[in-house]
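Before any comments, here is the structure.
The values are calculated or read from the model by the stated rules, or taken from the named source; none is laboratory data. Predicted model only: the values in this text are computed from it and were never measured. Ideal geometry is used to build each Cβ from the backbone, glycine not excepted, and the neighbour counts take in all protein chains shown. Each accessible area value is taken on the protein alone, full model and side chains, heavy atoms only, with ligands, DNA and RNA left out. Shrake-Rupley method; radii C 1.70, N 1.55, O 1.52, S 1.80 Å.
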Amino acid sequence: MIPRFHCPQPLAAGATIELPGGAAHHALRVLRLKPGDPITLFNGEGGEFAATLERADARAAVARIAAWRDIERESPLAVTVAQGLASGERMDFALQKAVELGAAAVQPVTTTRSVTRLDAGRADKRLAHWQQVAIAACEQCGRNRIPEVLPLRDLDDWLREPTRASLRLLFAPDAAQAIGEVAHPDGAIELLVGAEGGLTDAETAAAFRAQFLAVRMGPRVLRTETAALAALAALNVLWGDWR
């Protein structure tokens, strides 16, 4: 595969640009690319550019941009994952795989059973980290638009906010309805996943009041970093681009 790099700046065919620091480090120190190697650049605004590494030394990595390609790999489903705040590696994994599976946005939420607790300063730093995780996932999976990773919210506060979603789902092994029995929605979808230990009864009741529907994905209890990924895969099979 030709390496892909996110460059959050205006890109144009024929231009010569210096790769951002993180991208340059990855290109030169991790991938060991050399002048003349082909690369792909995207800035998150849609489409991508073929490019060639023109200069690579200790000071910088410089690329010459060739043709723009009108390529999109976005899911036809607009899915937001409200992911209960989990411990570092689990949260990163859930976010990374949600991006790979086509989620349009991720809303981290603090729940009663969240093991990790973040003050405002740490939450801001973690948000910046999560956004970089999303960018790296896009570089890997081929998406040319960066999904939005929203600031951390308290679950109860988030549930009280108005929503534009036409379908809101949470997951329970004993739910009466299976995910495959849900009618095709005519708009956006929101998925709610608890942290380690799941949602409390009070949180589940609050979600029901906010028009969430409980569905089952088999009889097994899934981990916090697995539930949304299984649901996204199921939705892609039912209504998305896996058909």
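Here are some notes:
- All positions within the range 123-143 that are open to solvent by 40 Å² or more (accessible area, probe 1.4 Å) and more than 14 Å from Ser75 (Cβ to Cβ): Asp124, Lys125, Arg126, Ala128, His129, Gln131, Gln132, Ala136, Glu139, Gln140
- Pairs where the first residue, in the range 6-29, is under 13 Å from Arg64 (Cα atoms) and among the acidic types (Asp, Glu) and the second is outside any strand (DSSP E or B) and open to solvent by less than 60 Å² (accessible area, probe 1.4 Å), C-beta under 8 Å, 6+ apart: Glu18/Ala24; Glu18/Ala60
- Filter result for the condition that a residue is modelled with pLDDT of 95 or more, in contact with a Ser or Thr (Cβ under 9 Å, 6 or more places away or on another chain) and not basic (Lys, Arg), over Leu199, Leu213: Leu199
- Between Leu170, Leu150, the distinction of being of a type in the set (A, V, I, L, M) and more than 27 Å from Gln9 (Cβ to Cβ) belongs to Leu170 only.
- Considering residues of the range 133-143 that are over 10 Å from His6 (Cα atoms) and in a helix (DSSP H, G or I) only, the residue nearest to the chain's Cα centre (by Cα): Ala134
- Of the strands (runs of 3 or more DSSP E) lying entirely inside the range 1-102, the ones with 1 or more residues being under 30 Å from Asp186 (Cβ atoms) and open to solvent by less than 40 Å² (accessible area, probe 1.4 Å) are found at 79-84.
- Checked against the criterion of being closer than 29 Å to Phe42 by Cα and not β-branched (Val, Ile, Thr), the candidates Pro185, Pro108, Pro162 yield just one match: Pro108.
- Neighbours by Cβ (under 7 Å, 6+ apart or cross-chain): first from the range 101-128, at positive phi; second assigned to a helix (DSSP H, G or I): Gly102/Leu232; Gly102/Asn236
- Members of the range 137-189 that are closer than 21 Å to Ala210 by Cα and of a type in the set (Asp, Glu): Asp154, Asp156, Asp157, Glu161, Asp174, Glu181, Asp186
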